[in-house]
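Notes to accompany the following structure.
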Amino acid sequence: MKIYNTKIKDIILNIIEQHTQLILWEKERFEEVINEYSVHYCEECYLINKAIEIGLFEVLLLNRHIPYEEHIDMLKITEDLKEEEALFMISIMDRVIKENEWFIQVVNIEEATKKALEECRARDLHVIALAYYDGLGTQQDYEKAYNLFLKASEYGDDKAYYYLGYMNANGLGVETNREQALAFYKEGAKLGLSDCQYVYAHMTKDIDLHESEDPRALYEVGMQDYQKGNFKEAFASFKKGSLMYDAKCLYMLGELCLAEEKVDEGIRYLSYAYYLFDKEAAYSLGMLFMEGDFVERNITKGVRFLRQAEEWGHDGASELLEKLRGKQDEDL
């Protein structure tokens, strides 16, 4: 199975730094520049060029809070992409967006806000609130974001309750108010919003985590069963989380599959977690290739994954690479 290299993300960021952000809107020029790296990143360059060509960058930039599974399902249908191709493209472009300062401006945002308020358009208010919340396309303003989320919730935007709860809990746009945060989280939880259920459960212990479909809750429940030796139940929880492309759930699912010697399935899940920049998955893949237990031994590939795990903060990878460096020095 081909495992795409996430280092392409750093290459894209370097290209942006050298050529400015405008290059992401200049498709032919971007393709020319990134293809200089195609000798070592042939398939990765192809997929990123495809992402730019179909406008995935713009879609993710303007819809940063839409779940990955929705984007992936759309790409599989409209572009006839494989799941792993879609996930890789989305994860890399999303990471580029998150790690770069964007100098774009939402035109007539005040006029759009006024119109949305006059016409009680909850969805439009939610989008505008996110712009102020993230500071993307306009100056970040938590107070404006909070007031717009509040109005959106009054007009039927259930998803606003999570942001209202979070902003009250963390003093963003309003004074820190735990009780008010709990009230918003509780309202969202009653409406079946998994993120509100998860946070409310941790803050009050009033809701069993088994009732939440939030991937964080699924991971915690799965780990509880895993540590008790209830592997079947753990697998079921991790599987649910994997359908929402939760990196931790994907990683544990991969490990469970390998434990049952379902090699192809295990490596696929570990690869997906790696595409989502999970350091444990990168380390696990590195060790697989270093030891050659389930795959053909490949030290070069193993070291590459270990270096990425080290870059992402994995202590075990750092220790192992330090030993390997010491051994190389001794050999010299």
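Scan the stretch 149-159 and give yes if some residue there is among the hydrophobic types (A, V, I, L, M, F, W, C), closer than 30 Å to LEU243 by Cβ and not in a helix (DSSP H, G or I), otherwise no. Checked against the condition, which is being among the hydrophobic types (A, V, I, L, M, F, W, C), closer than 30 Å to LEU243 by Cβ and not in a helix (DSSP H, G or I), the stretch 149-159 yields no hits at all. All told, ASN108 falls short of being in contact with a helix residue (DSSP H, G or I) (Cβ under 9 Å, 6 or more places away or on another chain) and either of a type outside the set (D, E, K, R) or farther than 23 Å from GLY173 by Cα (or both). Evaluation of VAL303 against the conditions (1) open to solvent by less than 30 Å² (accessible area, probe 1.4 Å); (2) at pLDDT below 95 shows that the sole unmet condition is (2). On the given criteria, is TYR166 over 27 Å from ALA309 (Cα atoms) and in contact with a Lys or Arg (Cβ under 6 Å, 6 or more places away or on another chain)? No; evaluated as a whole, the condition is false for this residue.
Only one of the listed residues (LYS144, LYS239, LYS228, LYS151) is within 24 Å of TYR272 (Cβ to Cβ) and at pLDDT 95 or above. That residue is LYS239. Cβ separations smaller than 6 Å between residues 6+ apart or across chains give the following pairs from the stretch 191-207 residues that are aromatic (Phe, Trp, Tyr) and assigned to a helix (DSSP H, G or I) to residues that are open to solvent by 30 Å² or more (accessible area, probe 1.4 Å) and at pLDDT 90 or above: TYR198/ARG216; TYR200/LYS186. Scanning the stretch 160-183 for residues that are surrounded by 19 or more Cβ atoms within 10 Å (Cβ to Cβ) and outside any helix (DSSP H, G or I) turns up just one, GLY173. Here the condition is being over 30 Å from GLU119 (Cα atoms), open to solvent by 20 Å² or more (accessible area, probe 1.4 Å), assigned to a helix (DSSP H, G or I) and of a type in the set (Lys, Arg); of LYS232, LYS186, it holds for LYS232 alone. Scanning the stretch 265-277 for any residue that is more than 20 Å from ILE92 (Cα to Cα), in a helix (DSSP H, G or I), out of contact with any strand residue (DSSP E or B) (no Cβ under 8 Å at 6 or more places or on another chain) and polar (S, T, N, Q) turns up nothing.
The values are calculated or read from the model by the stated rules, or taken from the named source; none is laboratory data. Only a predicted model underlies this, so the values are computations on that prediction, with no experimental measurement involved. Positions of Cβ are generated from backbone atoms using ideal geometry, with glycine treated the same way; all protein chains shown enter the neighbour counts. Side chains included, ligands, DNA and RNA excluded: accessible areas come from the protein's heavy atoms. Shrake-Rupley method; radii C 1.70, N 1.55, O 1.52, S 1.80 Å.
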